[in-house]
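Student: Take this structure first; my questions come after.
Nothing in this text is a laboratory measurement; each read-out follows from the coordinates by a stated rule. From a predicted model like this one, the values you see are computed outputs, not experimental measurements. Ideal geometry is used to build each Cβ from the backbone, glycine not excepted, and the neighbour counts take in all protein chains shown.
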Amino acid sequence: MPQTAAKPLASDFLSRFERQLHLAFEDPRHAGKHPEVLLEACRHVSFAGGKRMRPLLVDHFGAALDLPEDARIRLAITAELIHTASLLHDDVVDEGTTRRGQPTANARWNNSVAVLGGDLMLCIALEQLEDYPREVTFEAVTLVAEMTRAAMREVDARQDSTWTLPEWEAIAHGKTGALLAFCGTASARVAGRTELIERLGQCGHHLGLAFQITDDLIDVVGHPVDIGKDRLADLRNKNPSFPIALARSSNEDFHHALDQLWQRDDLSEDDVQRFGAWIVELGCAEKTLATVEDHLDQAMNALGPFAHGPGGEHIADWAAQLRAQARWSLESR
């Protein structure tokens, strides 16, 4: 049983991806250019031990479409650097000091280095697409804009407790689903399979939401194995989450009580634990699991016959891992 957030199955592709990612930072358009601290910040966060979920997903979509490995690697670098740039920016917004067990760029240097390093990383991400149809670059730019708006909506939601379930869904798609959708749609565009753009985009979108909702579920019910994450962090930090949104939308007493709780600056641990138990008592953990399974079913329906062939079978395996993890966390609470 997986002990951390599920990810697509690893492959030899990753070792080649890592080599090319290093080379992307050594491109003469950037290497040795002053101030070198920006590129140092990019490397710092890029090689800090991430799961590489997005590169692997690009690899699997690309393999399903018989896309040459060079193209898969370039698209994978684009997806990973867009994601990593968002982490640099998020850590500034959230005033984060550690990520993946290491100091964040803003903690190690300062906010300016983190923000501008993230900007440089986005440029390097888009450079990977220079040999492909310009529609792919347009799509990547649109993706960055969507992720940016979703990040701002999340900040607003933390400061205004009136956010709704549809608002949570918009944030989750923008911050997670949209990038996983890009892994599918960009692969289809570069492969010249325009008839599959919508289908593979839907597959990525639903995988992204299932991944995010599983993370939200684990936050409420805990993980059977210590994975280094504090339970009920979303309640404690006033973060929008799917189980919280469900509880708010299904029970007026919970809704009003949570609004009053989140208006306070002195949340006690007893309050956090009480509201966490309330979410479970309302049946929202079970409903959250059902929603995870629904998104995974929709992802597999969109993947269609590719689920049984090269690349696609690994996506199906990842979906099965994610489903098992969500069930395991709930059954073991």
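Student: Which FRET efficiency value, to the nearest 0.05, is calculated for SER249 and MET152 with the Förster distance at 25 angstrom and r the Cβ-Cβ distance?
Tutor: Details: r = 23 Å, r/R0 = 0.91.
E between SER249 and MET152, to the nearest 0.05, is 0.65.
Student: A follow-up question, please. What number comes out for the charge environment of ARG72, summing +1 per Lys or Arg and -1 per Asp or Glu over other residues with Cβ under 11 Å away? Mind dumping the intermediate values first?
Tutor: Values: positive: ARG16, ARG74; negative: ASP59, ASP66, GLU69, ASP70.
My count for the surroundings of ARG72 gives -2.
Student: Can you give the net charge of the other residues whose Cβ lies under 12 Å from the Cβ of GLU130, counting K and R as +1 and D and E as -1? Spell out each step's value before the answer.
Tutor: On the way: positive: ARG29, ARG74, ARG134; negative: ASP27, GLU127, ASP131.
Its environment carries a net charge of 0.
Student: Measure nothing but the geometry: give the 0 to 90° angle between the long axis through the Cα atoms of 13-25 and the longest principal axis through the Cα atoms of the chain, rounded to 10°.
Tutor: That helix lies at roughly 70 degrees to the long axis.
Student: Let me ask something else about it. Cα-based count: Lys pairs in the range 13-331 below 23 Å, eight or more positions apart or different chains? Before the final figure, lay out the partial values.
Tutor: Values: LYS51/LYS175; LYS51/LYS229; LYS175/LYS229; LYS175/LYS238; LYS175/LYS287; LYS229/LYS238; LYS229/LYS287; LYS238/LYS287.
Qualifying lysine pairs in the range 13-331: 8.
Student: Given a Förster distance of 30 angstrom, what is the FRET efficiency for ASP265 paired with GLU286, based on the Cβ-Cβ distance and rounded to 0.05?
Tutor: 0.40
Student: Grab the other residues whose beta carbon is less than 14 angstrom from that of ASP253, score K and R as +1, D and E as -1, and report the net. Write down the numbers at each step before the final one.
Tutor: Values: positive: ARG248, ARG274; negative: GLU252, ASP259, GLU281.
That works out to -1.
Student: Now for a separate question. Let me make sure I get this right: for the range 119-240, a, b and c are the square roots of the gyration tensor eigenvalues over alpha carbons, sorted descending. Under 1.5 in a/c it's rounded, otherwise prolate if a/b > b/c, else oblate. Which is it?
Tutor: On the way: a/c = 2.19, a/b = 1.83, b/c = 1.20.
Judged from the Cα gyration tensor, the range 119-240 comes out prolate (a/c at least 1.5, a/b above b/c).
Student: Another question, then. Test of the criteria: in the range 86-148, which trypsin sites (Lys or Arg not before Pro) are in a DSSP loop and have at most 10 other Cβ atoms within 10 angstrom of their Cβ?
Tutor: Here no loop site has a sparse enough neighbourhood.
Student: Would you kindly compute the Cα radius of gyration of the range 13-331 and its largest Cα-Cα separation (Dmax), both in Å?
Tutor: For the range 13-331, the Cα-based Rg and Dmax read 20.0, 60 Å.
Student: With a 10 Å cut-off between alpha carbons and a GNM built on the chain, which of GLY192, GLY177, GLY32 moves the most?
Tutor: Its mean-square fluctuation being the largest, the pick is GLY32.
Student: Working from Cα positions, state the angle (0 to 90°, nearest 10) between the long axis of helix 37-46 and the longest principal axis of the chain.
Tutor: Helix 37-46 and the main axis of the chain meet at about 70 degrees.
Student: For the range 114-124, what does the Karplus curve 6.51 cos²θ - 1.76 cosθ + 1.60, with θ = phi - 60°, yield as ³J(HN,Hα) per residue in whole Hz, taken in order and with x for Gly and Pro?
Tutor: Karplus values, whole Hz, x for Gly and Pro: 5, 5, 6, x, x, 4, 4, 4, 4, 4, 5.
Student: Suppose a student asked you for the relative contact order of the range 13-331, using Cα pairs under 8 Å spaced at least 6 residues apart; what percent would you report? Don't skip to the answer; put the middle values down first.
Tutor: Numbers: 419 pairs, mean separation 58.3, N = 319.
With pairs under 8 Å counted, the relative contact order is 18 percent.
Student: Report, to the nearest 10°, how far helix 312-331 tilts away from the longest principal axis of the Cα atoms in the chain, using its own Cα long axis and a range of 0 to 90°.
Tutor: 20 degrees
Student: Next up: Sorting check: for 17-29, 196-208, which peptide has the highest mean count of neighbouring beta carbons within 10 Å, and how do the rest follow? Walk me through the intermediate numbers first.
Tutor: Values: 17-29: 14.4, 196-208: 23.7.
Highest-to-lowest ranking by the protection proxy: 196-208, 17-29.
Student: For the range 289-306, what does the Karplus curve 6.51 cos²θ - 1.76 cosθ + 1.60, with θ = phi - 60°, yield as ³J(HN,Hα) per residue in whole Hz, taken in order and with x for Gly and Pro?
Tutor: In residue order, the calculated couplings are 4, 4, 5, 4, 5, 5, 5, 5, 4, 5, 4, 5, 5, 5, 5, x, x, 5 Hz.
Student: Once every DSSP H run of n ≥ 4 in the chain is given -39500 (n - 2.57) and the sum is divided by its residues, what mean residue ellipticity at 222 nm do you get, rounded to the nearest 500 deg cm²/dmol?
Tutor: Calculated from helices alone, the mean residue ellipticity at 222 nm is -22500 deg cm²/dmol.
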